[in-house]
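The structure appears below as structure tokens.
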Amino acid sequence: MKLVCRVAVWAIAGTVLAGVPLRAAAQAPPSGAQQSTTQKPTTPPPAATTQQPTTPPDEQQKYEETVVVSASRTEEKLANAPVTMSVITPRTIQQATSQNFAELLRPIPGLNMTQVSARDINVTSRGATGTLATGLLALLDGRSLYQDMFGFVMWDFLPVNLNEIKQIEVIRGPASAVWGANALYGVVNVISKSPREMQGTSATFGFGGFEGANGQDGGPLWYISGTHAQAINDRWAFKLSAGAYSQDPLARPTGTIPCDRPEVCLVKTTTYPPFANSGTTQPKFDARVDYDYPDGAKLSFSGGVAGTDGIMHSGIGPFDIQSGTVMGYAKANYSKNAFRGSFFTNILHGDADNLLAVNPLTGKPITFAFDTRTYDFEASNVTPIGTHHALNYGGNLRFNTFDLEIAPNADNRTEFGVYGQDEMFLSNHFRWTVGARLDRFDYLNDLVFSPRTTFLIKPQDNQTIRLSYNRAYRAQSVINNWLSTVIARPVDLRALGGPANYVLPINIVGNQDLTEQSLDAYEIGYSGMLRNRAVISAAFYVNNVKEEILFTEDVHGKYTAANPPANWPLPPVLINFIPGQSLPGRFTYLNFGRYIQKGLETGLETPLNRYVDAFVNYTFQATPDPKDFDLSELNLPPKNKFNAGMNFTYHHYLGNFSVGYTDDAFWQDVLDAAYHGTTKPYTLVNAGFGVRWGSKDQITTSIKAVNLGNQTVQQHIFGDITKRQVVGEMRVQF
């Protein structure tokens with residue numbers, strides 16, 4: 001594409017790139033740390049007074065210094081976390097090849113990404129990631145970004161710029177024992193820098209383009225951001241930031257929907273329906289004020305707003321989110337010693353039009369106006385008990401209100417939860433963590449209990465074996481319970497002597513009898529240092545998933561001869577002309593029994609010399625094993641994933657190169673079997689190069705490329721086509 005070539009030539013004048021290797025998932029502290037984590041402390045370490053780690057933002061975090069807050073909702077070394085974790089460092093974030101969070105998270109073992117449109121990305125840990133992925137909890141400094149109406153994450157509502165992010169912590173497994181509902185498969189917690197950690201003014205501008213596909217043109221993309229932070233005195237500090245991202249629509253797939261599983265895809269002649277695809281524009285603004293008390297306590301106020309538009313895919317087809325859709329938030333946080341209290345509110349307002357589903361009564365596309373409000377109060381503390389125990393405890397109260405056009409009977413919800421965790425220091429070589437959470441929802445009949453236990457064995461200072469059990473759950477969303485609409489589906493009845501385009505009405509309804517989806521996870525993991533240089537890690541897990549909530553055809557709601565649809569043009573007996581293949585009359589959400597998901601994750605990262613680091617990891621995900629329902633009801637994740645890369649920093653130059661392979665996958669989360677299918681394996685090659693300029697290296701120019709090989713990549717069977725993307729970027733630190 002000419003645009004991409006022009007961008008490449010323009011940007012080569014100076015360049016900086018993407019993707020330092022991830023400081024991922026190792027659980028053992030290396031020798032040489034300031035305090036051996038295998039030694040039994042005189043007093044168990046309480047939480048620190050701030051939520052964020054203290055590693056300088058401009059240095060690459062060393063593994064032995066990495067501190068996380070997401071595993072237990074309090075600061076602890078990564079080596080002692082009771083769950084499998086990965087940490088994305090500040091340098092990795094700053095050198096990212098894309099502003100898209102999918103590309104930032106993609107190299108982490110066990111994480112599955114799908115980019116379905118220019119704006120729509122979905123993330124799941126240790127499971128297939130369909131449209132509206134519902135099993136992973138996303139947070140910004142502990143504030144939930146999870147949209148309770150649909151039960152999914154809109155990543156474009158992160159109000160901060162990449163240069164404001166200190167690190168990203170990823171829990172690759174269940175975490176409901178401390179985080180409660182919706183931390184079913186994992187947690188992604190974005191930790192931002194405080195105003196004092198990023199004083200000064202900075203600006204970033206990027207412009208580029210991407211290739212087209214299937215005879216469709218590509219288009220440009222651009223982004224701009226600015227941040228100013230200042231410490232007024234030893235008490236007050238503030239931060240202001242703003243930014244925007246814009247991208248033209250990606251290419252839509254054409255032709256017949258592919259499927260190489262004839263036992264699952266009953267119809268193999270369905271073509272992709274045409275609709276006008278959309279790009280996305282995403283403005284944002286954020287502000288934060290901190291006050292430090294003389295006694296060490298801290299008070300922080302923050303607030304912001306993020307907007308979006310573009311395609312959101314769902315089980316009833318794509319919705320085009322209209323311009324003016326915004327989510328605003330406000331948050332207050334107080335901490336002193338190990339105590340922390342906070343309040344936040346999320347307010348979401350917007351409109352969307354379905355591009356395929358038509359209301360048969362009006363003949364117009366289904367519209368979806370939504371207005372939701374969330375209010376959350378939280379408190380937590382850590383108390384030492386004797387010399388061998390550290391008790392971590394807390395709870396939260398959450399209120400939600402809803403005004404949803406496609407779920408008019410939805411009103412409000414109230415949730416309450418408490419948790420406790422005891423970290424026991426048994427000896428120099430053994431630690432044991434036991435914890436649990438209890439939640440009460442006004443829309444569930446029973447309390448929800450989420451236990452956790454992890455036994456850490458440390459044969460040496462820099463070696464850790466972890467044995468763990470976790471139970472997690474996902475509460476049904478408001479749409480799961482209260483969805484209520486009707487769509488028109490054209491049906492060709494010429495073979496039976498009827499019209500070529502009969503409009504069949506199909507009811508799409510929620511299910512108030514749903515119960516929560518749960519997961520029991522068993523895991524054994526190892527991590528350690530080789531010759532105090534290379535970090536090696538491995539984890540094998542077994543997930544026992546129960547009562548998964550899936551969107552499916554209700555077999556009891558089919559049209560029959562005794563129950564024909566309105567204005568049926570043929571004799572009713574012809575509705576069931578082929579026995580067992582009655583016309584669908586209703587789709588809904590149902591709980592599906594139980595299935596087993598197993599997997600293996602391995603990783604290695606090491607410095608090759610003082611200038612170059614390298615990483616490699618491999619993920620295996622077995623085909624799920626359902627016990628009391630058919631496999632065709634599930635999305636099937638890619639069996640094999642592989643990532644490898646290296647990065648370098650040499651004087652004024654820096655760069656990176658990475659390769660990621662993803663196996664084929666099966667998707668069934670859009671309406672019925674006619675729209676189900678398989679995506680092909682794909683390999684993404686990302687690269688970049690950059691140069692620092694100025695007397696103090698305050699200017700960085702770079703060129704960044706995603707999918708350098710220009711492979712045709714379709715990450716979901718109903719998703720858009722992604723091709724090569726090239727961006728030139730300039731960053732200035734004033």
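The values are calculated or read from the model by the stated rules, or taken from the named source; none is laboratory data. Predicted model, so just to flag it, every value in this text is computed and none were measured. Heads up, the Cβs are rebuilt from the backbone with ideal geometry, glycines too, and the neighbour counts pull from every protein chain shown. Ligands, DNA and RNA are stripped out before the accessible areas are found, and what is left, the full protein with its side chains, is counted by its heavy atoms. Shrake-Rupley method; radii C 1.70, N 1.55, O 1.52, S 1.80 Å.
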Subset of segment 404-415, residues part of a strand (DSSP E or B) and surrounded by fewer than 16 Cβ atoms within 10 Å (Cβ to Cβ), comes to 412, 414
Subset of segment 443-463, residues among the polar types (S, T, N, Q), modelled with pLDDT of 95 or more and open to solvent by 10 Å² or more (accessible area, probe 1.4 Å), comes to 453
Residue 500: passes all of (1) touching a residue at least 40 places away in the same chain (Cβ under 8 Å); (2) open to solvent by 40 Å² or more (accessible area, probe 1.4 Å); (3) under 24 Å from residue 316 (Cβ atoms); (4) outside any strand (DSSP E or B) but (1)
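The rows are residues; the columns are (1) hydrophobic (A, V, I, L, M, F, W, C); (2) over 24 Å from the mean Cα position of the chain (by Cα).
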position: 544; (1), (2): no, no
position: 553; (1), (2): no, yes
position: 558; (1), (2): no, yes
position: 565; (1), (2): no, yes
position: 587; (1), (2): yes, yes
position: 608; (1), (2): yes, yes
position: 614; (1), (2): yes, yes
position: 643; (1), (2): no, no
Scanning segment 170-207 for residues that are out of contact with any helix residue (DSSP H, G or I) (no Cβ under 8 Å at 6 or more places or on another chain) and of a type in the set (Phe, Trp, Tyr), the one surrounded by the most Cβ atoms within 10 Å (Cβ to Cβ) turns out to be 185
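Would you pick out the residues in segment 313-358 that are under 24 Å from residue 252 (Cβ atoms) and open to solvent by 50 Å² or more (accessible area, probe 1.4 Å)?
Within segment 313-358, 322, 323, 351, 353, 355, 356 meet the criteria.
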Checked segment 614-628 for anything touching an Asp or Glu at 6+ places or on another chain (Cβ under 9 Å) and either at pLDDT below 90 or aromatic (Phe, Trp, Tyr) (or both); matches are 615, 618, 620
Among residues of segment 272-301 being open to solvent by 30 Å² or more (accessible area, probe 1.4 Å) and β-branched (Val, Ile, Thr), the residue nearest to residue 228 (Cα to Cα) is 289
So, first residue within 13 Å of residue 473 (Cβ to Cβ) in segment 540-561, second residue among the hydroxyl-bearing types (Ser, Thr, Tyr) and outside any strand (DSSP E or B), Cβ within less than 9 Å, six or more apart or across chains; the pairs are 543/185; 547/515; 549/134; 549/477; 549/515
Of the listed residues (551, 540, 592), the one being open to solvent by 40 Å² or more (accessible area, probe 1.4 Å), under 20 Å from residue 128 (Cβ atoms), of a type in the set (Phe, Trp, Tyr) and assigned to a strand (DSSP E or B) is 540
The number of residues in segment 183-225 that are assigned to a strand (DSSP E or B) and over 30 Å from residue 437 (Cα atoms) is 18
When every residue in segment 426-442 that is surrounded by fewer than 16 Cβ atoms within 10 Å (Cβ to Cβ) and not hydrophobic (A, V, I, L, M, F, W, C) is compared, the one nearest to the chain's Cα centre (by Cα) is 440
Within segment 141-152, residues open to solvent by 10 Å² or more (accessible area, probe 1.4 Å) and either touching a Cys at 6+ places or on another chain (Cβ under 8 Å) or hydrophobic (A, V, I, L, M, F, W, C) (or both) come out as 150
Heads up, the strands (runs of 3 or more DSSP E) in segment 619-715 (entirely inside) with at least 2 residues that are touching a strand residue (DSSP E or B) at 6+ places or on another chain (Cβ under 7 Å) and of a type in the set (Phe, Trp, Tyr) are 640-650, 653-662, 665-667, 682-693
With criteria (1) within 26 Å of residue 730 (Cα to Cα); (2) charged (D, E, K, R); (3) open to solvent by less than 10 Å² (accessible area, probe 1.4 Å), residue 103 comes up short on (3)
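From the list 466, 471, exactly one residue is open to solvent by 20 Å² or more (accessible area, probe 1.4 Å) and part of a strand (DSSP E or B). Which is it? So that I can check it myself, show each step before the final result.
Working: 466 fails: open to solvent by 20 Å² or more (accessible area, probe 1.4 Å).
None of the others qualify; the one that does is 471.
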Of the residues in segment 296-323, those that are assigned to a loop (DSSP other than H, G, I, E, B) and at pLDDT below 95 number 7
